[in-house]
1. Using the reciprocal of the averaged 1/r over all distinct C-alpha pairs, how large is the Kirkwood radius of segment 12-68 in Å?
2. Counting Lys +1, Arg +1, Asp -1, Glu -1, what net charge surrounds Tyr178 among other residues with beta carbon under 12 Å of its beta carbon?
3. Relative contact order for the chain: what percent, with Cα pairs under 8 Å and sequence separation of 6 or more?
4. Identify, among Ala22, Val182, Pro113, the residue whose Cα sits farthest towards the positive end of the charge dipole of the chain, taking +1 on the Cβ of Lys and Arg and -1 on the Cβ of Asp and Glu, with the dipole about the Cα centre.
5. Grab the beta carbon distance between Ile122 and Thr156, set R0 = 22 Å, and tell me the FRET efficiency rounded to 0.05.
6. Could you give the length gained on full extension between Asp101 and Ala87, defined as 0.36 nm per residue of separation minus the Cα-Cα distance, in nm?
7. Step by step: find N for the chain, compute 2.2 N^0.38 Å, then divide the Cα radius of gyration by it. What's the final number?
8. Within a 10 angstrom radius of the beta carbon, how do Glu23, Glu30 rank from fewest other beta carbons to most?
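What follows is calculated from the coordinates using simple rules that are stated; it is not laboratory data. Given the structure is predicted, the values throughout are model-derived calculations rather than measurements. Quick reminder, even Gly has a Cβ in these numbers, built from the backbone with ideal geometry, and neighbours come from all protein chains shown.
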Amino acid sequence: MPSPAPQPQASRRTHRPTPSGAERSFDPEEIIVSKTDVRGVITYANDVFLRVSAYDEADLVGKPHNVVRHPSMPRVVFALLWERIQAGSEVFAYVLNLAADGAHYWVFAHITPTFDAHGTIIGHHSNRRWVPPETRRQVATLYATLLAAERAAGGTHAAVAAGQRALDAYLVDAGVSYDDLVWSLVGDDVAH
Ligand SMILES: Cc1cc2nc3c(=O)[nH]c(=O)nc-3n(C[C@H](O)[C@H](O)[C@H](O)COP(=O)(O)O)c2cc1C
């Protein structure tokens, strides 16, 4: 008898989860870690990432990092993130992510490029910390404004430009740089 064809692993997911509205948190001492190649394809996910995102390792490794992208995230944040790391700089950003079961979770991400001995970027690394509730509220309010500007603008390119204008307007109004804003919101639990 021919042996049965191998069954696809039940854990391998192909569809995008629908946001359930449930919020997931993790401990302030924990760090969600992932590494990617230069294009943002995940090459490593730590146990905290697997637990909080509710994905198996096989669901994440080899997938583009937008696998955990939440539809409420403004595009401009990712545009800024990629602009910074492709220029060889680090970047800090608040990110709302979507878990496999539809729950969402906020992270304060520190993303850095990884260089080889010749100074060429060979990948990226992200360490993510817990976000205090008050920070979550403030960032969610700002991101809702940016997302509304992007949605009103239509297509991807126009949306990023509109998000950028909305972010710039916010920063000019507040009289701060992007980095100043990020650190002003961080909260005592994370800053120390
Ligand atoms: C190291 C690294 C970590 C990233 N982490 C996340 C993340 O946690 N959540 C997320 O939505 N995007 C993350 N991104 C950005 C994604 O690659 C992608 O730009 C973003 O999800 C927007 O996807 P889209 O362009 O398909 O809309 C990360 C990128 C890198 C390089």
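1. Working: mean 1/r = 0.0820 Å⁻¹.
When all Cα pairs of segment 12-68 are included, the Kirkwood radius is 12.2 Å.
2. Working: positive: Arg84; negative: Glu83, Asp168, Asp179, Asp180.
Surrounding charge for Tyr178 is -3.
3. Values: 318 pairs, mean separation 42.7, N = 192.
Once normalised by length, the contact order is 22 percent.
4. Ala22
5. Working: r = 27 Å, r/R0 = 1.25.
Efficiency, from the Cβ-Cβ distance: 0.20.
6. Working: separation 14, 0.36 × 14 = 5.04 nm, distance 3.46 nm.
Result: 1.6 nm gained on full extension.
7. Details: Rg = 17.9 Å, N = 192, 2.2 N^0.38 = 16.2 Å.
For the chain, the normalised Cα radius of gyration is 1.10.
8. Numbers: Glu23 12, Glu30 17.
In order of increasing Cβ crowding within 10 Å: Glu23, Glu30.
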